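Note sheet for the following structure.
The values are calculated or read from the model by the stated rules, or taken from the named source; none is laboratory data. Everything numeric in this text was worked out from a predicted model, so none of it was measured. Positions of Cβ are backbone-derived with ideal geometry, glycine not excepted, and every protein chain shown enters the neighbour counts. Accessible surface is based on the protein model in full, side chains and every heavy atom, while ligands, DNA and RNA are left aside. Shrake-Rupley method; radii C 1.70, N 1.55, O 1.52, S 1.80 Å.
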Amino acid sequence: MTTEVRVPALPESVSDGVVVVWHKQPGDDIERDEALVDIETDKVVLEVPAPVDGVLEQILSPEGEQVTAAQVIGVIRTNGAATAPPTAAGPDQEPGGAALPQHDQPLGPAVRKLLAEHRLQPGQIPATGKRGRLTKGDVLAYLAQQAAPAIAAAGTPAATDVAAKPPVTKAPPPVAPTPGLPEIQEDRPQKRVPMSRLRARVAERLLQASLGTAMLTTFNEVNMLPVKQLREKHGKAFAERHGVRLGYMSFFVRAAAEALKRHPDINASIDGEDIVYHGFCDIGVAISTERGLVVPILRNAEYMSLAEIETDILEFAERGKSGKLGMEEITGGTFTITNGGVFGSMLSTPILNPPQSAILGMHSIKERPVVIDGEIVIRPIMYLALTYDHRIVDGKSAVTFLRTLIDLLEEPASMMLDL
């Protein structure tokens, strides 16, 4: 008895995905709910678990193949006896009619490329890899073996029969470089790789924001000494009690949530010809991963404590880096905070995350001379940048929102006491 492995239902805005990695190979034992295959969409990586106990019999969609919802991508034999796929006819038949060995192992990208270029079938080539896997070396050895008689015949004057010559396979035309790119030279190497779906989606969203909104950025600075002193005084006890480090981001989330309540136009969105004012603060926190930027959402951040914020951010960061965030965790925010300061950025102009109307950019904290009560003193200063959609937010609202945020950060007690 066999069970099909299907692509799970994809989010409403996602039409397809790409098979990233199979955690099991044909012939491997599988337990129910064990991670079987990862499928990357343009937003998240979906981990597809095994639907039943058994043995993975066949992989129908190898790594790198595009798939759609409900598509069958593999077969599991539930009685534990894997069977070989049926022998194909045609190119996989020897001249005498005997079938060559079939390879039910997935093919690597290099092998698939060679097979396509030379119009070969996997069954034509003896495999020497682990568990009968066809390797690049197997294909190259087969090509060399096939070319040897042709080379010998070419050296004999009598060998002039055109029909005896092996068919000439044309290589695919080279990819035309984009105008302005440096020419490809042997001693000046370049590397061309396809965009990941997440990177392509991020690029699309950023371009959409640039072309579809009226972005403007206002700047200010905040004295981080009060927050810094609070962290130094209570940071150790906070970590011991809550099991998480007291960072700067939790203060910014709390301050932003309070400021959003006081300035509802910053916490609004444009929907067609209407303005939607959100009565809750779902704040996205940008997290950088190897795959690209993801923005998980802190739902109802106005009701969260510092410990809850820090705990959720840490969990989001860990799952974001492993591609385990769910669609519901990265969609639907009303405001975003991004922190370029962790990479050393002093100042930047963040790009909006539509349909949100504003995004706050944090930056590195540096000791700078400032004037306080007529005296020049050194204080830990952070530059802040608020990018907003000028179609819905006026300059006055943006500046006063940022000023409210600064007042809360420079007097964190008022934020804690709800003053």
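From the list Gly235, Gly247, exactly one residue is without any contact (Cβ under 8 Å) to a residue 24 or more places away in the chain, under 23 Å from Leu384 (Cβ atoms) and either in contact with a Leu (Cβ under 7 Å, 6 or more places away or on another chain) or open to solvent by less than 40 Å² (accessible area, probe 1.4 Å) (or both). Which is it?
After ruling out the rest, the residue left standing is Gly235.
Would you be able to say whether some residue in the stretch 368-382 is of a type outside the set (Asp, Glu) and at positive phi?
Yes - at least one qualifying residue is present in the stretch 368-382.
Can you tell me how many residues within the stretch 205-218 are surrounded by 14 or more Cβ atoms within 10 Å (Cβ to Cβ) and either over 24 Å from Ile330 (Cα atoms) or of a type in the set (Ser, Thr, Tyr) (or both)?
Matching residues across the stretch 205-218 total 4.
Mind listing just one residue for me: the one in the stretch 388-414 that is of a type in the set (Asp, Glu) and not in a strand (DSSP E or B) and, of those, surrounded by the fewest Cβ atoms within 10 Å (Cβ to Cβ)?
Asp394
Hey, does the stretch 320-328 have a residue that's touching a helix residue (DSSP H, G or I) at 6+ places or on another chain (Cβ under 7 Å) and in a helix (DSSP H, G or I)?
No, the stretch 320-328 has no match at all.
For the subset of the stretch 1-51 comprising residues that are aliphatic (A, V, I, L, M) and more than 18 Å from the chain's Cα centre (by Cα), which member is modelled with the lowest pLDDT?
Among them, the one singled out is Ala9.
Are any residues in the stretch 288-312 open to solvent by 20 Å² or more (accessible area, probe 1.4 Å) and on the phi > 0 side of the Ramachandran plot, and if so, which ones?
Matches in the stretch 288-312: Asn300 only.
Working carefully through the options Gln66, Gln145, Gln71, find the one that is over 34 Å from the mean Cα position of the chain (by Cα), polar (S, T, N, Q) and at pLDDT 70 or above.
Gln145
Taking Phe280 as the residue in question, decide whether it is among the aromatic types (Phe, Trp, Tyr), open to solvent by 10 Å² or more (accessible area, probe 1.4 Å) and either assigned to a loop (DSSP other than H, G, I, E, B) or touching a Lys or Arg at 6+ places or on another chain (Cβ under 8 Å) (or both).
It is true that Phe280 is among the aromatic types (Phe, Trp, Tyr), open to solvent by 10 Å² or more (accessible area, probe 1.4 Å) and either assigned to a loop (DSSP other than H, G, I, E, B) or touching a Lys or Arg at 6+ places or on another chain (Cβ under 8 Å) (or both).
What number of residues in the stretch 333-359 are outside any helix (DSSP H, G or I) and farther than 19 Å from Ile270 by Cβ?
Looking only at that region, the number is 9.
Could you run through the stretch 307-355 and say how many residues are among the charged types (D, E, K, R) and at pLDDT below 90?
The number of residues fulfilling the criteria is 6.
For the stretch 362-371, state whether one or more residues are touching a helix residue (DSSP H, G or I) at 6+ places or on another chain (Cβ under 9 Å), surrounded by 16 or more Cβ atoms within 10 Å (Cβ to Cβ) and assigned to a strand (DSSP E or B).
Yes, some residue in the stretch 362-371 is touching a helix residue (DSSP H, G or I) at 6+ places or on another chain (Cβ under 9 Å), surrounded by 16 or more Cβ atoms within 10 Å (Cβ to Cβ) and assigned to a strand (DSSP E or B).
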